[in-house]
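Trainee: Below is one structure. I have some questions about it.
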Amino acid sequence: MTFLWNASGPIENDPWTDADGDRPILSLEAALQSNAATIGVQIEPADDVRRLEPILDRVALVAVNFPAFNDGRAFSHATLLRQRLGYRGEIRGVGAVLLDQVPLMLRVGIDSVAVTHEPTIRRLKEQRLPGIALHYQPSVIPTTDGEGYSWRRRAV
Amino acid sequence: MYRYDEFDRDFVAGRVAQFRDQVERRLKGEISEDAFKPLRLMNGVYLQLHAYMLRIAIPYGTLSSRQLRMLAHIARKYDRGYGHFTTRQNIQFNWPKLADVPDILADLASVEMHSIQTSGNCIRNVTADHFAGAAADEVADPRPYAEILRQWSSIHPEFSFLPRKFKIAITAAENDRAAIQTHDIGLHLKKNAAGEIGFGVYVGGGQGRTPMVAKLIRDFLPEKHLLSYITAIMRVYNLHGRRDNKFKARIKILVHETGVEELTRQIDAEWEHLKDTNLTLPEADVAAITAYFAPPELKDRAEGWGQLAAWKKADPDFARWVQQNVRPHRHPDYGMVTISLKPIGGIPGDASDAQMDAVADLADEFALGEIRVTHEQNLVLPHVALADLEPLYRGLVAHGLATANSGLITDIIACPGLDYCALANARSIPVAQEISTRFGAPERQAEIGELKIKISGCINACGHHHVGHIGILGVEKKGGELYQITLGGSADEHTSIGEIVGRGFEPERITDAIETIVDTYLAIRTSPDEIFLDCYRRVGAEPFRSALYGAAQAA
Amino acid sequence: MTSKVLTANRLIDGISVWMGANGEWVESLRDAFIARHDEAVAALESAGKQAQADNRVVDAVVIDVEETATGIRPLRLRERIRADGPTIDYLSIRAQNGANRAA
């Protein structure tokens, strides 16, 4: 059972389907070939996320895959999507999503996660995330300036 | 030194609470060991042969006496009464209980210490010259920049799951005492013609299975671009570093396989987008952090000159200790004192709780309360008046801390090895002890002069054997231990990887082999002023091979 | 068949342990249960997996030993060191007051 969640809580009525449905999440190559007005695309760790640029205005969902929970390339993909490409749509963490990486995902601009790990689902439902609200790096999520030095932030 | 403000304190407190929660979930089985392992590693908790090991961060090797006393307290309360100082300027405890670690971290937090990112596939402790802020040849103190990098790299959301560990070192003198060319990123602080501070940036150094010397990819990076440029390097590494093979995952392999020109082009292309963003360092921030490292007020103590001469005349042991362990300070009335943690026949780098307390007291009395940890597993008191050297020395003698061997053959670097470490193939500490005992006589050490022996118990090279003048690598062969010797390594500004001399030596023969090498050197050196490393670079491996294996054949 | 024992590290404190005859973890190799037949080895492996699943130990592994006159001796040096503790007198440093004058 895959649980979908974002900072507001569980996601109901998610429009995205598997490959056979009417709103499939496509591979990068398939997305680049697609004429659909609204595209969902999954970025694998070895993909170059910047290739989405020409179709970005039609992309409504980018799923960034963590095939192993410790494959950290998706953190860079999300960062580039937000900071380099200026992407404003939904970024979803998929794959081996575990509780302790979710705060980091949120900080790089991943808005939602798809989770199968039961203890993670429980804690997300309780809205009890193990993050730290003080950051030593500028962030893409809303923060206030952290006191003292330019690189610090506090999550709001 | 740097002092936490409220933000830093709240952050570390948050980290302690986070780890406490993670330990609880682990003990309840809500996190598997596989998922927990990177979390505990990012809090410095290893599992070794006999017990857990906790590696505590000592940022750029700088400690206050108060902090050192806390380390003594932790050794007593939670461990077996001693700790081990490491080749990355950190400290390790060998017997903590996992269940106690959150409390240990809370105690550390009370003195502005932590164990954040001392392990794991993230950015590790940023190390620096242990004589920073005191050495006469320094362009500027590198530690403010190490502190900026420390903060910026702490729980960086993009770079917490890198392909592999990432180590940064920074030096600020032509004589590189921080071994920057053996690091993933090495920074050489310098000034341009206009007197502005910037960095030579080296990338792709490292030891382990495939030792490599870092390449200079940018000759002068202006100070304000430090964070943006490092971000560019880290992003390219995070995206393109290999993740298919743990032994090919460091950035040195990426440099090697991509080619340094092409990789530099990729880094510079990424940097173009980052160059003038919110990662630019404001001068005011640099100035504010630099203020924490302002040189201490050092009173003139010219009476020390005469006193020192008299003491040296009266006590040859003291004279020898000054000669070997005290180096000139920027202020002529002061010296930089190395406290040897290499007693003859002892365990390199270890200190008992009583010794830590003693050093803290001596630091308060004679050294403005500041201590440094070196990557050669010794301690340093960087600011000691010459007029205080003799009473300091007496204090050190009383606690077995006055061995006059800094830089000499018995000042051995050794990893914990198979006595402790789950990664090891062979023991390293007994080898160090035996070599130390064999060469322990002061006259013999003085005769031999500067000779850096470094011993690793496995290919991970935590003992830095690749850059030892004599390196010893312990391997496993046919169920037993075997020791391979390398010669001619160096970790300074002329970094070189040692050359394997031939087939390895059994434990009972390794010390004799070292003695053969030393005797060969003594016989062929041009004068006592030609140190072993220079002699080796002049004559090559051949004379040593012949001596070890016979003239007819080598390996 | 080589004799075998099951060893692991206790999760809560990391201490090396071996499986004893009663299915309990013991802190001394000499009290370990020795498996001399395939069925016994399979039982040990299964006990190791279960103990890990129960979050009592980590890194459970079956290791080769020989039975000597003086007791159980692991075949690998690494396991002998795990059983006997570090081969160095690491506590001697605590008695080092004045023991090492300047050399």
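Trainee: Select from region A:31-62 the residues that are within 22 Å of residue B:237 (Cα to Cα) and among the hydrophobic types (A, V, I, L, M, F, W, C) and write down the one among them that is farthest from the other protein chains (Cβ to nearest Cβ).
Mentor: A:52
Trainee: Further question on the same structure: Examine region A:100-114 for a residue that is β-branched (Val, Ile, Thr), surrounded by 17 or more Cβ atoms within 10 Å (Cβ to Cβ) and within 9 Å of chain B (Cβ to nearest Cβ), and state whether such a residue exists.
Mentor: yes
Trainee: While we're here: Restricting to region B:204-229, give me the number of residues that are among the hydrophobic types (A, V, I, L, M, F, W, C) and over 30 Å from residue B:486 (Cα atoms).
Mentor: Selection size over region B:204-229: 4.
Trainee: Only one of B:404, B:426, B:351 is in contact with a strand residue (DSSP E or B) (Cβ under 8 Å, 6 or more places away or on another chain), over 26 Å from residue B:74 (Cα atoms), of a type in the set (A, V, I, L, M) and at the interface with another protein chain (Cβ under 9 Å from one of its Cβ atoms); which?
Mentor: Exactly one of B:404, B:426, B:351 is in contact with a strand residue (DSSP E or B) (Cβ under 8 Å, 6 or more places away or on another chain), over 26 Å from residue B:74 (Cα atoms), of a type in the set (A, V, I, L, M) and at the interface with another protein chain (Cβ under 9 Å from one of its Cβ atoms), namely B:426.
Trainee: Further question on the same structure: For residue B:6, work out the one condition from (1) crowded, with 23+ Cβ neighbours inside 10 Å; (2) modelled with pLDDT under 95; (3) under 30 Å from residue B:295 (Cβ atoms) it doesn't fulfil.
Mentor: (1)
Trainee: Taking into account only those residues within region C:75-94 that are of a type in the set (A, V, I, L, M) and either in contact with a strand residue (DSSP E or B) (Cβ under 8 Å, 6 or more places away or on another chain) or at positive phi (or both), which is nearest to the other protein chains (Cβ to nearest Cβ)?
Mentor: If we take residues in region C:75-94 being of a type in the set (A, V, I, L, M) and either in contact with a strand residue (DSSP E or B) (Cβ under 8 Å, 6 or more places away or on another chain) or at positive phi (or both), then C:93 is nearest to the other protein chains (Cβ to nearest Cβ).
Trainee: So, of the residues in region B:246-270 that are of a type in the set (S, T, N, Q) and more than 14 Å from chain A (Cβ to nearest Cβ), which turns out to be nearest to residue B:124 (Cα to Cα)?
Mentor: So the residue we want is B:264.
Trainee: Pull up region B:226-269, narrow it to residues that are more than 16 Å from residue A:79 (Cα to Cα) and of a type in the set (Lys, Arg), then point me to the one that is surrounded by the most Cβ atoms within 10 Å (Cβ to Cβ).
Mentor: Checking each candidate, the answer is B:250.
Trainee: Name the pairs: first residue in region B:284-311 and more than 26 Å from residue B:60 (Cα to Cα), second residue charged (D, E, K, R) and outside any helix (DSSP H, G or I), Cβ to Cβ under 6 Å, at least 6 apart or on different chains?
Mentor: Hits for this filter: B:300/B:333; B:301/B:333; B:302/B:333; B:304/B:333.
Trainee: Quick check: is even one residue across region B:438-456 within 23 Å of residue B:51 (Cα to Cα) and either facing chain C (nearest Cβ under 8 Å) or touching a residue at least 40 places away in the same chain (Cβ under 8 Å) (or both)?
Mentor: Scanning region B:438-456, I find at least one residue that is within 23 Å of residue B:51 (Cα to Cα) and either facing chain C (nearest Cβ under 8 Å) or touching a residue at least 40 places away in the same chain (Cβ under 8 Å) (or both), so the answer is yes.
Trainee: When you check residue B:168 against the structure, is it surrounded by 22 or more Cβ atoms within 10 Å (Cβ to Cβ), at pLDDT 95 or above and farther than 16 Å from residue B:202 by Cβ, yes or no?
Mentor: Criteria not met by residue B:168.
Trainee: Find the helices (runs of 4 or more DSSP H) located wholly in region B:1-118 whose residues include 3 or more that are touching a residue at least 60 places away in the same chain (Cβ under 8 Å) and away from chain C (no Cβ under 12 Å), and list them.
Mentor: B:6-28, B:65-78, B:101-109
Trainee: Condition first: of a type outside the set (Lys, Arg), crowded, with 24+ Cβ neighbours inside 10 Å, in the same structural domain as residue B:367 (by TED's automatic domain parsing) and part of a helix (DSSP H, G or I). Can you find one or more residues in region B:335-342 that meet it?
Mentor: No, region B:335-342 contains no residue that is of a type outside the set (Lys, Arg), crowded, with 24+ Cβ neighbours inside 10 Å, in the same structural domain as residue B:367 (by TED's automatic domain parsing) and part of a helix (DSSP H, G or I).
The values are calculated or read from the model by the stated rules, or taken from the named source; none is laboratory data. Small disclaimer: the values here were computed from a predicted structure and weren't measured. All Cβ positions, glycine included, derive from the backbone under ideal geometry; neighbour counts span all protein chains shown.
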